[in-house]
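These notes are about the structure you will find just below.
The values are calculated or read from the model by the stated rules, or taken from the named source; none is laboratory data. The model shown is predicted, which means the values in this text are computed figures rather than measured ones. Using ideal geometry, Cβ is built from the backbone for each residue, glycine included, and neighbour counts are taken over all protein chains shown.
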Amino acid sequence: MRGLLDSARPALVIAVMVWSWTVPATSQQATVVGTVHNLSVTGPGEVRSFVETEVCKFCHIPHSVDTPVPLWGHALSQARYEVPDLRFSGSPVPAPQPDGASRLCLSCHDGTVALGDVTGEARVIPMRGGDRLAPGRPGYIGTDLSGSHPVSFVVPDGVTLGGDPESDMVLRPLAAIESDQDVRLDAAGKMQCTTCHDPHADRYYSPGRVPRFWVKPTVEEVCLTCHALR
Ligand code: HEC
Ligand code: HEC
Ligand code: HEC
Ligand code: HEC
């Protein structure tokens with residue numbers, strides 16, 4: 001995510017939404033399997049288990065008919081994060097510490113917790129390609145999020161970003177943001193990692209152009225769901 005704020009500003013050009021696609025929860029099995037989030041022995045990435053065959057268990061406790069939505073099954077990080085400032089309320093205030101789905105992502109991506117540290121296992125599942133995400137790996141984010149887009153804050157309605165007369169960006173009305181099928185806020189109205197990335201599906205990845213697990217075909221379409229040029 002580093003460089004996102006600097007590099008993407010000129011890229012905020014109005015793009016025509018060419019494609020929208022929503023996926024029912026039942027197809028998660030099929031979609032996760034082909035992605036680098038399949039950390040089982042069948043995974044396509046460098047980082048995967050030597051022997052474990054279950055795909056979902058690296059993130060979820062295996063579910064039953066009684067609990068159709070799998071519970072979180074990966075050990076959480078205890079890290080305290082450097083966060084960017086929020087500026088929409090006038091004077092800058094630090095963004096909240098990551099919570100909700102963002103905290104789940106960071107349980108692997110901040111690099112402090114073993115990837116195979118999952119609930120219900122007698123010991124940590126050993127992994128090829130490294131037991132935890134280490135600096136230098138593509139997925140390593142670390143605990144300094146200060147150069148990244150803020151997350152875990154409630155997206156406000158009807159504000160001009162920054163109050164900065166030089167800024168060329170405004171925020172679209174909340175109703176317009178919430179009507180989007182792909183760019184989603186959580187139940188508390190917060191922006192999370194899952195607003196821009198879908199951990200279950202990597203449909204649009206294009207090296208150097210579209211990040212992995214992206215929720216729309218282009219970067220701009222995601223930004224422009226919430227931002228507009230003045
Ligand atoms: C505003 C949209 C947005 C949000 C929110 C977001 N990302 Fe990203 N992410 C991106 C973009 C765009 C890239 C492509 C790389 C870049 O621009 O630096 C990226 C890249 C990444 C990468 C690849 C490694 C890297 O640093 O380039 C990882 C891993 C990642 N994001 C995880 C996360 C996690 C975890 C969170 C929540 C803490 C998160 N992202 C929140 C937009 C977002
Ligand atoms: C790399 C981690 C990861 C893996 C692997 C994973 N999930 Fe998830 N899953 C998540 C996260 C994170 C959430 C929470 C999403 C949110 O709150 O928006 C979630 C939420 C869900 C939900 C709740 C509905 C939703 O989409 O938010 C279902 C159902 C689900 N996962 C099914 C599965 C199944 C089935 C598998 C295995 C085929 C799987 N997941 C594998 C990370 C993962
Ligand atoms: C169980 C651990 C785990 C969890 C939880 C997890 N990831 Fe990952 N993720 C990985 C691994 C392992 C990779 C592959 C990293 C590599 O090859 O360096 C990866 C890769 C990625 C990449 C691609 C990095 C790149 O540029 O190659 C992104 C983006 C990403 N994850 C985002 C997320 C987001 C967003 C969430 C939460 C919704 C999340 N992940 C939750 C383990 C996890
Ligand atoms: C879910 C809505 C949403 C999405 C999607 C989103 N943003 Fe934001 N963004 C916001 C909000 C709200 C703020 C205000 C946070 C603050 O006060 O700094 C913000 C702040 C920013 C800022 C700082 C602006 C300033 O003047 O302080 C930049 C730069 C930015 N976003 C770029 C992007 C880019 C690039 C993307 C796409 C990769 C993106 N955003 C996607 C909602 C979003």
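Looking at V47 and the list (1) over 20 Å from M191 (Cβ atoms); (2) within 16 Å of the chain's Cα centre (by Cα), which single condition is not satisfied?
The one condition V47 does not meet is (2).
Of all residues in region 158-188, which are at pLDDT 90 or above, within 15 Å of T225 (Cα to Cα) and surrounded by fewer than 15 Cβ atoms within 10 Å (Cβ to Cβ)?
Result: P173, A175, A176, E178, S179, Q181.
If we only count helices (runs of 4 or more DSSP H) wholly inside region 124-230, which ones have 2 or more residues that are touching a residue at least 24 places away in the same chain (Cβ under 8 Å) and among the basic types (K, R)?
Once the helices (runs of 4 or more DSSP H) in region 124-230 are filtered for at least 2 residues that are touching a residue at least 24 places away in the same chain (Cβ under 8 Å) and among the basic types (K, R), nothing remains.
Quick one: in region 189-230, which of the residues that are acidic (D, E) and under 19 Å from V155 (Cβ atoms) is surrounded by the fewest Cβ atoms within 10 Å (Cβ to Cβ)? I'd like the intermediate steps shown before the answer.
Quick first cut of region 189-230, residues acidic (D, E) only: 198, 202, 220-221.
Now restrict to residues that are under 19 Å from V155 (Cβ atoms): 198, 220-221.
Values: D198: 23, E220: 18, E221: 22.
Filtering first and then ranking leaves E220.
Can you pull out the residues in region 41-72 that are part of a loop (DSSP other than H, G, I, E, B), more than 9 Å from ligand 3 (Cβ to nearest atom) and surrounded by 19 or more Cβ atoms within 10 Å (Cβ to Cβ)?
Matches in region 41-72: E52, V55.
Collect the residues in region 82-111 that are away from ligand 1 (no atom under 13 Å from the Cβ), surrounded by 14 or more Cβ atoms within 10 Å (Cβ to Cβ) and assigned to a loop (DSSP other than H, G, I, E, B), keeping them in residue-number order.
R87, F88
Can you spot a residue in region 100-108 that is more than 17 Å from the chain's Cα centre (by Cα) and either closer than 15 Å to Q192 by Cα or in contact (Cβ under 8 Å) with a residue 60 or more places away in the chain (or both)?
No - not one qualifying residue is present in region 100-108.
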